[in-house]
Amino acid sequence: MKESSSLSTWSPVICAVVAGLVIATLGVLFTGAGHGWGSALYSGLSLIGAPLAGFAWAFRGAKSGKIYAALACFSAFGIDLLLWRTTKDEGFYYFHKVWNTVPPFFILWAVLFVGWQLTAISVFFIRPKA
């Protein structure tokens, strides 16, 4: 019983770490050795934000869950702002180039990137079942 409880606590954190690693890896690949969407490198900061969202979800019934969620939301806002600003500065051509070249990987990146952010936000609205 205790082992199951521990697994249910760590599962969201492990999934979030994996998501952060996939986001960061795809962000590096999207740069195309300097001929692609260079701004995507900043999405690699999800290595910090995604695990925070995982901890927030794991502890969503406790005060610490809200603290983790607030930190994850703060980092999400900063990463989103940085990503938007740098993409705007370098031009949306590279963003479109990635979308046109590897749409399945872009969709995976987008789902994971938005997913950890929505997870962090949802902690403020979803209560764990008793």
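Would you call Asp89 surrounded by fewer than 17 Cβ atoms within 10 Å (Cβ to Cβ) and more than 16 Å from the chain's Cα centre (by Cα)?
Here the answer is yes, as Asp89 does meet what is asked.
Considering only residues that are over 12 Å from the mean Cα position of the chain (by Cα) and either at pLDDT 95 or above or within 11 Å of Phe113 (Cβ to Cβ) (or both), which ones fall in region 27-56?
Hits for region 27-56 are Ala40, Phe55, Ala56.
What number of residues within region 35-62 are farther than 23 Å from Lys88 by Cα and of a type in the set (Phe, Trp, Tyr)?
So the count comes out to 3.
Out of Gly44, Gly61, I need the residue that is assigned to a loop (DSSP other than H, G, I, E, B), of a type in the set (Gly, Ala, Ser) and either within 30 Å of Lys129 (Cα to Cα) or out of contact with any Lys or Arg (no Cβ under 6 Å at 6 or more places or on another chain) (or both). Which one?
Every option except Gly61 fails the conditions.
Is there a residue in region 90-101 that is in contact with a helix residue (DSSP H, G or I) (Cβ under 9 Å, 6 or more places away or on another chain) and modelled with pLDDT of 95 or more?
No, region 90-101 has no match at all.
Would you mention how many residues in region 58-78 are modelled with pLDDT of 95 or more and crowded, with 20+ Cβ neighbours inside 10 Å?
Residues in region 58-78 being modelled with pLDDT of 95 or more and crowded, with 20+ Cβ neighbours inside 10 Å: 5 in total.
Go through (1) in contact with a helix residue (DSSP H, G or I) (Cβ under 8 Å, 6 or more places away or on another chain); (2) modelled with pLDDT under 95; (3) hydrophobic (A, V, I, L, M, F, W, C); (4) farther than 18 Å from Trp10 by Cα and name the single condition Ala130 misses.
Ala130 satisfies all of (1) in contact with a helix residue (DSSP H, G or I) (Cβ under 8 Å, 6 or more places away or on another chain); (2) modelled with pLDDT under 95; (3) hydrophobic (A, V, I, L, M, F, W, C); (4) farther than 18 Å from Trp10 by Cα except (1).
Taking only pairs six or more apart or across chains, which ones have beta-carbon atoms under 6 Å, a first residue in region 86-102 that is β-branched (Val, Ile, Thr), and a second residue that is part of a helix (DSSP H, G or I)?
Matching pairs, first to second residue: Thr86/Ser39; Thr87/Ser39; Thr87/Phe95; Val98/Phe30; Val98/Phe106.
So which of Val28, Val123 ends up being farther than 21 Å from Ile14 by Cα and among the β-branched types (Val, Ile, Thr)?
Val28
Only one of Ala110, Ala19, Ala53 is in a helix (DSSP H, G or I), touching a residue at least 60 places away in the same chain (Cβ under 8 Å) and either in contact with a Cys (Cβ under 8 Å, 6 or more places away or on another chain) or farther than 19 Å from Phe125 by Cβ (or both); which?
Just a single option satisfies the conditions, and that option is Ala19.
The values are calculated or read from the model by the stated rules, or taken from the named source; none is laboratory data. No experiment lies behind these values; they were computed from the predicted model shown. Cβ: placed from backbone, ideal geometry, glycine included. Neighbour counts: every protein chain shown.
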